[in-house]
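First up is the structure itself, then whatever we jot down about it.
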Amino acid sequence: MASAVSDVGELTGRFDLVVLDVARPELTVSDLIRRTITHGPVLVSADWPGRTGLMESILAGVRGCLSRQAEQDAVREAMRVTAQGGFYLCRRLADRLPEELSRGPAEEPGALAPREVETLRWIASGYTHSQIATRMGLSQATVNTYAKRIRAKLNAGNKAELTRRAIELGHLLPVEG
């Protein structure tokens, strides 16, 4: 069975293979992968420009990485290997892997810092900035700054949008009281 969707949110159920074509995602690549991986093994097809995000994709759990310029035979092989539970890295990307490994993972643009993630969790759980400041041992001004940065990074205008983004990114987890 095959299915095509324009947004990861439209996926329902589990598949033998999910081919994710990454162009210019709204979410960071690793967040997009984390949302997709619950539906089956993920094979990512991308242009992989500059700091490719190759290591971030692998660390996020993809089972295959493929260049958009790959030949049809390579695409078929990548799909077969990935669907069977193996790991596939196309030749074009394999040549870049040593350089990626030597650099270590890059922080993706728009990625939240750990304290911003913690703040987002509290906001999405319904706490006021004053309550969050008390719980985190910070000043309310610091929490306000974190909230402002989070809104900018996630392109969210209000608490409802922040909560929606927290859910999408998997950050709305039970918070210890």
Handout entry: Of all residues in the range 37-53 being modelled with pLDDT of 85 or more and assigned to a loop (DSSP other than H, G, I, E, B), the one that is least open to solvent (accessible area, probe 1.4 Å)
Key = Gly40
Practice task
Could you please give the count of residues in the range 55-69 that are under 17 Å from His39 (Cα atoms) and in a helix (DSSP H, G or I)?
Solution key: 3
Exercise for the section: Looking only at the range 127-147, decide whether some residue is assigned to a loop (DSSP other than H, G, I, E, B), at pLDDT 90 or above and surrounded by 15 or more Cβ atoms within 10 Å (Cβ to Cβ). Expected result: yes
Fill in the blank from the handout: For the range 65-86, pairs from a residue that is in contact (Cβ under 8 Å) with a residue 12 or more places away in the chain and closer than 20 Å to Ser30 by Cα to a residue that is open to solvent by 50 Å² or more (accessible area, probe 1.4 Å) and part of a helix (DSSP H, G or I), with Cβ under 6 Å and 6 or more apart or across chains, are Ser67/Arg92
Practice task
Test each condition in (1) in contact with a helix residue (DSSP H, G or I) (Cβ under 6 Å, 6 or more places away or on another chain); (2) touching a residue at least 40 places away in the same chain (Cβ under 8 Å) for Ser130 and report the one that comes out false.
Solution key: (2)
Handout entry: Failed item in (1) modelled with pLDDT of 80 or more; (2) within 19 Å of the chain's Cα centre (by Cα), with Tyr88 passing the rest
Key = (2)
Problem - Cβ-Cβ under 6 Å pairs, at least 6 apart or on other chains, the range 142-158 side aliphatic (A, V, I, L, M), far side part of a helix (DSSP H, G or I) and buried (at least 16 other Cβ atoms within 10 Å of the Cβ) - result: Val143/His129; Val143/Ile132; Val143/Ala133; Ile150/Glu116; Ile150/Leu120; Leu154/Arg165; Ala156/Leu162; Ala156/Arg165
Problem - the range 54-105, residues that are open to solvent by 80 Å² or more (accessible area, probe 1.4 Å), touching a helix residue (DSSP H, G or I) at 6+ places or on another chain (Cβ under 9 Å) and within 28 Å of Leu169 (Cα to Cα) - result: Leu59, Arg63, Phe87, Leu101, Arg103, Pro105
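The values are calculated or read from the model by the stated rules, or taken from the named source; none is laboratory data. Values in this document were obtained by computation on a predicted structure and should not be read as measured data. Here the Cβ is made from the backbone with ideal geometry for all residues, glycine too, and neighbour counts use every protein chain on show. For accessibility, only protein heavy atoms count, side chains too; no ligands or nucleic acids. Shrake-Rupley method; radii C 1.70, N 1.55, O 1.52, S 1.80 Å.
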